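First up is the structure itself, then whatever we jot down about it.
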Amino acid sequence: MHLPFLQRVKYSNTLHSMIAMSVYDDDKKIKKIDDDIDKFKDELRLAESQLQGLDSRLDADIERFRSIVKARRDEYKAAEDAWRSADKDYEFAKKQKDKQVSDLRKRVDRLRKRIKDAAKTRDKRIREIEKERQKQR
């Protein structure tokens with residue numbers, strides 16, 4: 001029994017595959033091709049399953065890394081804000097120190113000058129007293 005229309009049958013249709021196989025069961029090349037098709041279908045199912053699993057796993061990894069990036073960005077921003085605040089406090093403290101040191105140096109200089117002036121005045125008064133004493137002798 002020879003059915004030429006089956007030569008154009010696509011093997012994706014199971015009924016036509018079964019008919020085609022029963023008609024051409026004896027042909028070794030067709031058996032080899034059918035075995036290859038079955039093997040390819042098995043590989044395709046496995047690959048599709050792996051693809052779906054891979055896609056889900058990689059999506060989960062991507063989401064995990066996105067969350068890590070967001071957390072690190074937030075930590076970085078908080079650290080940067082803390083650094084700015086600490087730097088501001090540092091600059092303020094440094095200016096305060098510089099001002100206090102400057103003010104105290106000015107005070108020290110004024111006191112040294114007053115001591116020097118007072119010592120001069122004292123020496124002058126001592127000379128005046130000595131002069132008066134010498135006149136009275």
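Only the coordinates and a few stated rules stand behind these numbers; no lab work does. On a predicted model such as this, the values are computed, not experimentally measured, just so you know. Cβ: placed from backbone, ideal geometry, glycine included. Neighbour counts: every protein chain shown.
Computed quantities for the displayed model
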{"quantity": "Dmax and Rg, reported as Rg then Dmax, of region 4-136 (C-alpha, Å)", "calculated": "50.7, 161"}
{"quantity": "Set of lysines near Lys97 by C-alpha distance (under 26 Å), chain-local residues within fewer than 8 positions excluded", "calculated": "Lys88, Lys106, Lys113"}
{"quantity": "Local electrostatic count at Arg107 - Lys and Arg +1, Asp and Glu -1, tallied over other residues with Cβ under 12 Å", "calculated": "+4"}
